[in-house]
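The values are calculated or read from the model by the stated rules, or taken from the named source; none is laboratory data. None of the values given here were measured: they were computed from a predicted structure. As a convention, Cβ positions derive from the backbone with ideal geometry for all residues, glycine included, and neighbour counts pool all protein chains shown. Calculation scope for accessible area: heavy atoms of the full protein, side chains included, ligands and nucleic acids excluded. Shrake-Rupley method; radii C 1.70, N 1.55, O 1.52, S 1.80 Å.
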Amino acid sequence: MIMIFIFISYYTNFLISLFASSLHRRRRQRKGERSQIGDTMTVAAGVGYVLIALGPALSLFASVIAKKPFLILTLLSSTLFWLISLIILAGAWRAFLPVKSTELWSYSLLILTSVGFQEGIRIGFWRLFKKMEDMLNAFADRVSKPRLFLTDKMLLALAGGLGHGLAHAVFFCLSLLTPAFGPATFYVDKCSNIPFFLISAIIALGFVIIHTFSMVIAFNGYIEGKRKDQIFVPFAHLIAALITLINLVPGGCNIGLPLLCIMAGTTLYYSWQLVWRRLTEHQTTRSSD
């Protein structure tokens, strides 16, 4: 059901945004008609871009997170935690920006250090997660309630990952989408066939999915001590980040955006397989007991 919400939201918002963007290209001869229709379409396009970037996250929040207060608290804490870490990272790189070199290796170095910093922060977030889990179990013992189930732990990891994805979207995308509500759309020379705001929205969507479900994979890897899961998460994060460099090549967005979506789909599928396996094993263990 969650996946149905995500895909319906994504494709609906994507079509809305494409429709609105196509109308931007039309030139009106009469100034009054151009102004009236242009204002309406830019608002529609802006809303479409925002919903492309955050629509699936909002669907996930409404269908899963909002039903349990401790998941809402985890989501808010995670979003604040990752926003602060990104601000610290941006402050550290402020002395070296803007990058004057046009070589891709300079941007690759920036991405490599940024991904490494975030993956190190993820381990710290995991430790905070374990402390919160212990606190919730202790509270359950005091009020004579059952401890956290496996599904509760997975939902906590999901909420934490969604907070990471939302922080990334707010930090890197929403600030760029603000001009989308203005009087016109915007194109860049390197990708003149797709609006810049639509590119930003799709990139934000890809990283929201990657960060959300990577947290589930990473936490499971830490719990079970599985090196495969622990390696997959930073590897997927790094590959997805490096894929965005393709957009710097003329016409690269036609290749980079599909590759990023494929990487997001791979992460989602990997997480689904992992969750299905854990739940099946847990159910088998309970049946045998």
Inspect the range 209-218 for any residue being buried (at least 24 other Cβ atoms within 10 Å of the Cβ), touching a residue at least 40 places away in the same chain (Cβ under 8 Å) and polar (S, T, N, Q) and give the result as yes or no.
yes
Condition first: over 29 Å from Phe149 (Cα atoms), open to solvent by 80 Å² or more (accessible area, probe 1.4 Å) and either touching a residue at least 60 places away in the same chain (Cβ under 8 Å) or in contact with a Pro (Cβ under 7 Å, 6 or more places away or on another chain) (or both). Can you find one or more residues in the range 238-251 that meet it?
yes
Restricting the first residue to the range 50-77 and requiring it to be in contact (Cβ under 8 Å) with a residue 40 or more places away in the chain, which pairs with a second residue that is open to solvent by less than 60 Å² (accessible area, probe 1.4 Å) and of a type in the set (Phe, Trp, Tyr) meet a Cβ separation below 6 Å and a spacing of at least six or different chains?
Ile52/Phe14; Pro56/Tyr10
Against the definition (part of a loop (DSSP other than H, G, I, E, B) and of a type outside the set (D, E, K, R)), how does Gly251 come out, yes or no?
yes
Residue match in the range 183-204 (condition: under 28 Å from Tyr269 (Cβ atoms), of a type in the set (Lys, Arg) and in a loop (DSSP other than H, G, I, E, B))
no
Surrounded by fewer than 21 Cβ atoms within 10 Å (Cβ to Cβ), modelled with pLDDT under 90 and on the phi < 0 side of the Ramachandran plot: which single residue out of Lys190, Lys228 fits that description?
Lys190
Identify the single condition in (1) over 16 Å from the mean Cα position of the chain (by Cα); (2) surrounded by fewer than 24 Cβ atoms within 10 Å (Cβ to Cβ) that Ile199 does not satisfy, given that it satisfies every other one.
(1)
Top-ranked residue in the range 103-145 [being assigned to a helix (DSSP H, G or I) and of a type in the set (S, T, N, Q); ranked as surrounded by the most Cβ atoms within 10 Å (Cβ to Cβ)]
Gln118
Given the conditions (1) in a helix (DSSP H, G or I); (2) open to solvent by 70 Å² or more (accessible area, probe 1.4 Å), every one holds for Arg278 apart from (2)
The listed residue being of a type outside the set (D, E, K, R), surrounded by fewer than 21 Cβ atoms within 10 Å (Cβ to Cβ) and not in a helix (DSSP H, G or I), out of Leu176, Leu148
Leu148
Single unsatisfied condition, Phe96 versus (1) open to solvent by 70 Å² or more (accessible area, probe 1.4 Å); (2) modelled with pLDDT of 85 or more:
(2)
For Met135, all conditions in the list (1) at pLDDT 85 or above; (2) over 28 Å from Val115 (Cα atoms) hold save one; what is the number of the exception?
(1)
